[in-house]
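Just so it is clear, none of the values below were taken in a lab; they were calculated from the coordinates. Since we're looking at a predicted model, the values are computed, not measured. Here the Cβ is made from the backbone with ideal geometry for all residues, glycine too, and neighbour counts use every protein chain on show.
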Amino acid sequence: MRIAAVPLIGLALMCASGRPALAQTTASSAEVDSLREELQQLRKAVTALEARLDALQAMPAAPEATPAPPPVPTVPVEAAVPAGAQGAGGPAGALPLYGGGAAASKAFNPDIAAIGDFLGAIGRSPGGGEPSLQMHESELAFQAVVDPYARADFFLTFGPDEVGVEEAFITFPTAPAGLLVKVGKMRDAFGKVNGMHNHVMPWVDRPLVTNNLLGGEDGLADAGISLSRLIPNSFAFLEATGQVYRGDSSVFKGEKRADLAYVGHLRAYRDLTESTNLDLGGSIAYGHNDSGPRETTRLFGVDATFRFRPLRRAIYQRFIARSELVWSRRGQATGTANAFGTYVGLEYQFARRWFAGGRWDWSERAEDASVRDTGESLLLTWWPSEFSQIRGQYRHTRFGEGRTANEFLFQFLFSIGAHGAHTF
C-alpha cells in the first residue's frame, strides 16, 4: 500500500506545479484556489492510508494451527482375579477384558441360538416310520462363561409331544490334576452318534444300531458327573473319560438309589498328513435294565472316523468315512441276550455347497438277537450357508420280521443366533 501511494503523490505535485502556469494564461484565480483545495484533500487521504498501513504491520502474526494429539493406544481393561484363584488352578494374573463396552454388555448375556429341524417322509413303511410332515425338533441353546473357572451349556428341546432338557451342564476346565469336570444332564460319551444332536448328524435319521441297542434318538442321556483327562504322549491326542449317571435312560433303568450307571471312553486322534486324520475310540457302559429286579446290561463299542480335507481346497472338497460296532449283553429272565450292530457311513463334498453320501446298516435286536434288521441309504445335501441345510435321503430297510420299507426322507435345518461348536 505504501508503494502505491508514491505515484499518487507525484501525480498530485505535477498537477500543483503545472496548473498554476496554465491558470496564468487561461484560468482565473478561483480555479487555482479549487485545485489547491483538492491537493490538500489528496494529501490528507495519503496520510490516512499510510497510518492505516502502519497499524496493520504493527499487529502480531496469526498463530499457527495446533497439531492434533497422537492417538492413544487401546489397552485391555483388567479385572482382578478373585482370591484363591491361583490355588484352584485358575489364571495366575489379571484377566484381560477386550472389547470395552461391548464386552461389558455381554457379561451377563449368554450366547442364544434357536435351531429348527423339519422332517418329511414319502413312501410306505411297515415299521411305522416318520410322519409325512412334522416339526421334528426345535432346539433352544444358552451358552456362556460363568466365571474364570467354568462355563455353562443349556440345550432345551421342543418336540411334537414334549418339551424337555436335552442337555444342561456346567464344565470346569481347570480342575485340579488336569481334569475336565462336567456336572449336569448330558449325553453319555459312548461312541460317536450317541453324543450327536440331531442337527449335527450327517443323515436325516439315526443308524439301526442306535435304535436297536442304544435307545434310539434319546439314547444314553442322564444326569451325572463326567471326568476327562488328557494323557500326554508323543504319538497322538489321547483322552480318557469316566462318567457316573443316575441310571435312568432309554437303556438303563435303576430301581434303587444305588443302581447307578457307569460309562468309560478312550479316544485317540492323530493327524496322518496335513490333509488326513484318524479318530479312534473305545467305549464301555454298565447299568441295570427293566427286564428284572437285578438284571443288568453291558455295552461295548468301538468307533473309527477317517477324514480327508485338503487345505488348499477345504471349502470345496472333503471326504469322511465313519463306522461303529456295538455289542450288547442284556441280562433277562431267559438268560443273557448277546446282540451286535454296526454301520458304515460315507460322506463326500463335491462342490462348495453340495454333499453326497451313503450308509449301510446291520443290527440285531437287544431283547432278541435272532431278529436282525438291515438297510441302505443314499443322501444328497445342499448347504446354502452355515445357517441352513436341505437334505434328501432314500432309505431301504429290511426288518427282521420279513417286512421291507422303501422311503424318501427330506429335511430342512435352519438356525439363528450364536451356537457354539459341538464336540469334534
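Structural remarks
- Dipole check for the stretch 335-424: with +1 at the C-beta of Lys and Arg, -1 at the C-beta of Asp and Glu, and the Cα centre as origin, the magnitude is about 340 Debye.
- Nearby aspartates and glutamates by direct alpha-carbon distance to Lys185 (threshold 16 angstrom, same-chain neighbours under 8 apart not counted): Glu139, Asp153, Glu166, Glu167, Glu217, Asp218, Asp222, Asp248
- Estimated translational D of the stretch 292-424 in µm²/s (Stokes, Kirkwood radius over Cα pairs; 4 °C; 1.567 mPa s): 74 µm²/s
- Sorting the segments 364-374, 143-153, 310-320, 194-204 by their mean number of nearby beta carbons within 10 angstrom, highest to lowest, gives 194-204, 364-374, 143-153, 310-320.
- Cα shape, the stretch 210-327, gyration tensor, a/c 1.5 rule: prolate
- Extension reserve of the Leu39-Arg353 stretch, reckoned as 0.36 nm per residue once the Cα distance is removed: 103.4 nm
- Computed about its Cα centre, the charge dipole of the stretch 116-417 is approximately 880 debye, with only Lys, Arg, Asp and Glu carrying charge at their Cβ.
- Candidates per GluC sites (Glu not before Pro) in the stretch 123-205, loop by DSSP, up to 14 other Cβ within 10 Å: Glu162
- Computed Rg/Rh of the stretch 372-424, alpha carbon atoms with Kirkwood Rh: 1.16
- Here, the stretch 116-417 yields an orientationally averaged convex hull projection of 17.1 nm² when only Cα atoms define the hull.
- Look at the alpha carbon pairs under 8 Å that are at least 6 residues apart: their mean separation over the length of the stretch 116-417 gives a relative contact order of 14 percent.
- The stretch 191-293: GluC sites (Glu not before Pro) in DSSP coil with no more than 16 other Cβ atoms inside 10 Å: Glu217, Glu255, Glu274
- Selection of trypsin sites (Lys or Arg not before Pro), the stretch 389-420, meeting DSSP coil and at most 12 other Cβ within 10 Å: Arg403
- Per-residue extension of 0.36 nm, minus the Cα-Cα distance of Ala240 and Arg313, leaves a gain of 23.0 nm for this segment.
- As a proxy for reagent exposure, His265, His422 were ordered by neighbouring Cβ count within 10 angstrom, fewest first; the result is His422, His265.
- Global form of the stretch 202-278, assessed from the alpha-carbon gyration tensor, a/c cut-off 1.5: oblate
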